[in-house]
Amino acid sequence: MNAERIALSDAVRVSVSRGEGCRSMEKIATEVPIELKVGKVLKIILFEKNYYITNFEGLKVIETSLNWLQDISPRKLRSLKKFGFTGESKFIIYKNKIGYFKKEARSFEEWVAVWTYFASMGNTKAAEILRLLTLKNLGDRIKASVVPDFDT
């Protein structure tokens with residue numbers, strides 16, 4: 001079933017589902033590119049005063065298979081849970097400089113658990129991300145970016 005999307009503002013959209021005659025309000029998140037170092041950018045989604053990262057972005061930044069979360073074995077899942085991974089995700093509609101997108105995303109805390117797992121398995125890209133994020137915390141990076149109406 002297709003939905004027509006009518007932009008009301010950058011903050012809220014109305015979704016009208018054909019045939020159902022119902023309207024639901026959907027909040028629009030904002031994507032903020034955070035420079036970790038020269039040439040290394042992590043795209044953060046700001047939504048309801050929380051930080052999210054899409055599955056694509058979280059796996060791409062550590063240069064691992066983009067299907068890894070879908071193909072995860074029970075053994076790997078048990079290991080991930082030791083680092084605080086819950087498996088929770090949500091689909092978020094967000095805006096960036098290109099347009100609007102709806103993608104599956106996980107909280108920043110979930111990604112720290114995933115990257116910690118990969119770092120413990122010898123993935124140097126994951127270890128580097130954790131190191132770079134530790135050097136300057138995420139909140140400071142977002143405050144340094146021009147982000148209107150978002151309190152950390």
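The values are calculated or read from the model by the stated rules, or taken from the named source; none is laboratory data. From a predicted model like this one, the values you see are computed outputs, not experimental measurements. Don't worry about glycine lacking a Cβ; one is built from the backbone with ideal geometry, like all the others, and counts go over all protein chains shown.
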Tabulated pairs, region 76-87, first farther than 10 Å from Glu110 by Cα and hydroxyl-bearing (Ser, Thr, Tyr), second part of a helix (DSSP H, G or I) and modelled with pLDDT of 95 or more, C-beta under 9 angstrom, 6+ apart or interchain: Ser79/Tyr117; Ser79/Ser120
Verdict on Ala119 being farther than 23 Å from Ser89 by Cβ, out of contact with any strand residue (DSSP E or B) (no Cβ under 8 Å at 6 or more places or on another chain) and not in a strand (DSSP E or B): no
Segments classed as strands (runs of 3 or more DSSP E), wholly inside region 1-74, with at least 2 members that are modelled with pLDDT of 90 or more and on the phi < 0 side of the Ramachandran plot: 29-37, 40-47, 50-54
Test: residue in region 32-51 that is over 17 Å from Ser145 (Cα atoms) and buried (at least 16 other Cβ atoms within 10 Å of the Cβ): no
Residue within region 108-126 that is under 15 Å from the mean Cα position of the chain (by Cα), at pLDDT below 95 and of a type in the set (Val, Ile, Thr) present: no
Subset tally (residues that are exposed (fewer than 14 other Cβ atoms within 10 Å of the Cβ) and free of Cβ contacts under 8 Å to residues at least 12 places away in the same chain) for region 103-128: 3
Candidate set: region 75-102, residues that are among the β-branched types (Val, Ile, Thr) and in a strand (DSSP E or B); chosen: the one surrounded by the fewest Cβ atoms within 10 Å (Cβ to Cβ): Ile93
